[in-house]
Amino acid sequence: MLPDCLRTYLADHAPLVVALSGGTDSAVLLAATVRAGAPAAAVTVETGLAPSGEAALAAKTAAALGIGHTLLHVDMFAVDAVRFNARDRCYVCKRLMMEAVIGWARAHGYAFVADGTHAGDEPGDRPGVRALQELGVVSPFAVCGMGKEEIVDLALAWGLPVRPSSSCLATRLPEGEEVTPATLLKVDAAEVILREKISGRVRVRVTGETARIEVPKEFEKEAHALLPRIRALGFDEISIGDG
């Protein structure tokens with residue numbers, strides 16, 4: 001079921017490194033390299049900004065597919081644009097992450113670095129895509145005109161888990177508010193609690209010590225029941241809305 005364009009593109013760009021997150025898109029891309037017979041490795045970058053468990057999920061995916069996996073660490077809290085949540089934070093962060101992956105790939109003899117960006121990811125909407133393009137990172141799904149629906153179809157056909165979309169925890173804070181490990185730990189802990197009972201897109205937006213919980217409308221009752229546990233994390237005020 002591997003699309004011909006994807007098979008050919010991956011074969012033509014081997015050996016390659018797949019920038020592997022804990023999400024569906026990059027997992028499907030890694031699985032596609034296996035099905036295409038393209039020599040590949042998987043590299044995950046730990047920044048301290050991703051929801052807990054993402055790196056472990058990436059490692060589990062690589063192991064299940066029989067692909068070697070490497071975890072790199074980049075201290076984003078030492079980068080002012082990230083720490084102070086500047087307007088260009090996403091671009092700066094993505095560029096630093098991919099520079100680390102590219103450096104690893106070159107040191108280990110891999111010709112290309114690929115990521116799971118797809119045809120529906122517009123550079124204007126996602127500054128990180130611009131960083132990928134500048135660095136020469138290849139995006140096989142985008143090149144082959146494949147969007148999210150096609151990727152999910154492949155995941156289901158190949159028995160890979162389809163996970164709700166995730167995003168950098170720094171997006172939970174308003175632009176210009178300092179991003180600290182302590183704040184992100186609280187946000188992450190709150191979202192972990194919510195996901196125990198709620199499926200779909202869950203976000204905990206924070207300004208100072210005030211939190212706004214965003215969940216699908218049909219799960220607002222469950223979110224209210226979990227408020228005492230979330231309030232115990234140290235939030236002074238909490239509201240719930242439709243995410």
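The values are calculated or read from the model by the stated rules, or taken from the named source; none is laboratory data. Here the structure is a predicted model, which means the values were calculated and not measured. Don't worry about glycine lacking a Cβ; one is built from the backbone with ideal geometry, like all the others, and counts go over all protein chains shown.
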Quiz item: Any idea which of (1) assigned to a helix (DSSP H, G or I); (2) at positive phi is the one residue 102 doesn't satisfy?
Solution: (2)
Practice problem: Filter segment 181-201 for residues that are farther than 15 Å from residue 211 by Cβ and among the hydroxyl-bearing types (Ser, Thr, Tyr) and give the result. | Solution: 199
Quiz item: In segment 108-138, which residue that is in a loop (DSSP other than H, G, I, E, B) and within 14 Å of the chain's Cα centre (by Cα) is surrounded by the fewest Cβ atoms within 10 Å (Cβ to Cβ)?
Solution: 126
Quiz item: If we scan segment 105-112, do we find a residue that is within 29 Å of residue 194 (Cα to Cα) and without any contact (Cβ under 8 Å) to a residue 12 or more places away in the chain?
Solution: no
Practice problem: Determine whether segment 157-171 contains at least one residue that is part of a helix (DSSP H, G or I) and more than 15 Å from the chain's Cα centre (by Cα). | Solution: yes
Quiz item: Can you name every residue in segment 47-79 that is within 20 Å of residue 96 (Cα to Cα) and among the charged types (D, E, K, R)?
Solution: 54, 75
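Residue by residue, here is whether (1) surrounded by 19 or more Cβ atoms within 10 Å (Cβ to Cβ); (2) closer than 28 Å to residue 10 by Cα; (3) at pLDDT 95 or above holds:
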site: 156; (1), (2), (3): no, yes, yes
site: 164; (1), (2), (3): no, yes, no
site: 173; (1), (2), (3): yes, no, yes
site: 185; (1), (2), (3): no, no, yes
site: 194; (1), (2), (3): yes, no, yes
site: 200; (1), (2), (3): no, no, no
Quiz item: Filtering segment 1-44 down to residues that are without any contact (Cβ under 8 Å) to a residue 60 or more places away in the chain, within 17 Å of the chain's Cα centre (by Cα) and not in a strand (DSSP E or B), which residue is surrounded by the fewest Cβ atoms within 10 Å (Cβ to Cβ)?
Solution: 30
Quiz item: So residue 146 fits all but one of (1) farther than 27 Å from residue 77 by Cα; (2) out of contact with any Ser or Thr (no Cβ under 9 Å at 6 or more places or on another chain); (3) assigned to a helix (DSSP H, G or I); what number is the exception?
Solution: (3)
Self-check item: Those residues of segment 47-83 which are closer than 18 Å to residue 186 by Cα and not aliphatic (A, V, I, L, M), in sequence order
Solution: 47, 48, 51, 52, 53, 54, 77, 83
Quiz item: Hey, among the residues in segment 72-92 that are assigned to a helix (DSSP H, G or I) and of a type in the set (Phe, Trp, Tyr), which one's surrounded by the most Cβ atoms within 10 Å (Cβ to Cβ)?
Solution: 91
